[in-house]
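Single-structure report; data block below.
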Amino acid sequence: MAEEIEKKYRLTSEQRERVLRKLALISAAFEGEDFEENILFRGGILSLKECILRLRKTQDKAILTYKESLMTDSSANTDIKRRIEHETVVADGAAMEAILESLGYRQSLVYEKRRKTWHFENVEVVVDELPFGMFLEIEGEEVGIKAAEIKLGIQDLEVEPSPYPALAARFGQKNGNLIEARFI
């Protein structure tokens, strides 16, 4: 079973700049920058479970992801989230979108994101900008996340417990049966 372990923080502009400077100081390896369109689908079994099916499209690739919440003893008392996660790169994002819709899944939520990614020791660190705010995520094993928090000096940051789909649903614009959180 693939498992995603991450912690997310809400950032102000000043905090974002502080994190970016600190990433350079600790020699985190910058992996690149992407603009993403994230499309979430509902229908079928997806409507019966607490899970998501997401098609993420960037300029270079598309990734189909299934996520399902995972409760563990340690996740009940921490801001670190754990999820079952299965994902695969898709050769043609538009074709995958058409396949999902042909199978009866419907787009329910779309949100855009600008993401910068670094790797540092055993974690991935991302700084995200969405139409409704700026965020920092650290993904890796729990011990690595806690060590990265200390090295980045971010113990004072506000933890954001809501996943991006929930935030996009809250702050996005309703367009028929679709909610959209776009920059324009």
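The values are calculated or read from the model by the stated rules, or taken from the named source; none is laboratory data. Predicted model only: the values in this text are computed from it and were never measured. Quick reminder, even Gly has a Cβ in these numbers, built from the backbone with ideal geometry, and neighbours come from all protein chains shown. Heads up: the accessible areas ignore ligands, DNA and RNA and are worked out on the full protein's heavy atoms, side chains in. Shrake-Rupley method; radii C 1.70, N 1.55, O 1.52, S 1.80 Å.
Derived scalar couplings between HN and Hα for region 30-42 equal 6, 9, x, 9, 9, 10, 10, 10, 10, 10, 9, 10, 10 Hz in order, rounded to whole Hz, by the Karplus curve 6.51 cos²θ - 1.76 cosθ + 1.60 (θ = phi - 60°), x for Gly and Pro.
If one computes P(r) from the Cα atoms of region 1-106, what percent of pairs lie at distances over 16 Å? Intermediate values should be presented prior to the final figure.
Numbers: 3926 of 5565 pairs.
The answer is 71 percent, as a whole percent.
Hey, any idea what % of the chain's accessible area is carbon plus sulfur with a 1.4 Å probe? Percent of accessible area from carbon and sulfur atoms in the chain: 50. Take every Cα pair under 8 Å whose residues are at least 6 apart in sequence, average their separation, divide by the length of the chain, and the relative contact order is 29 percent.
Using a simple spin-label model with pseudo-atoms 7 Å out from Cα toward Cβ, GLN59 and MET71 lie 4.3 nm apart. Applying a DSSP loop filter and a limit of 15 other Cβ atoms within 10 Å to the GluC sites (Glu not before Pro) in region 6-89 leaves GLU50.
Mind checking the angle between helix 93-102 and the chain's longest principal axis? C-alpha axes, 0 to 90 degrees, to the nearest 10. It works out to around 50 degrees.
Rounded to the nearest angstrom and listed largest first, the equivalent-ellipsoid semi-axes of the chain from its Cα gyration tensor are 28, 18, 16.
Evaluated over the Cα positions of region 69-140, the convex hull gives a direction-averaged projected area, one quarter of its surface, of 7.2 nm².
Within the same chain, lysines fewer than 8 places from LYS67 are excluded, and of the rest, those with a Cα less than 24 Å from its Cα are LYS7, LYS8, LYS49, LYS57, LYS81, LYS113, LYS116, LYS146, LYS174.
Every helix of 4 or more DSSP H residues in the chain counts as -39500 (n - 2.57), and over all residues that averages to -7000 deg cm²/dmol at 222 nm.
Radius of gyration (Cα atoms) of region 81-184, expressed as a multiple of 2.2 N^0.38 Å: 1.28. So if R0 is 41 Å, what FRET efficiency would HIS86 and LEU25 give, r being the distance between their Cβ atoms, rounded to the nearest 0.05? The pair HIS86/LEU25 has a calculated efficiency of 0.70.
Computed from Cα positions, the angle between helix 142-152 and the longest principal axis of the chain comes to roughly 60 degrees.
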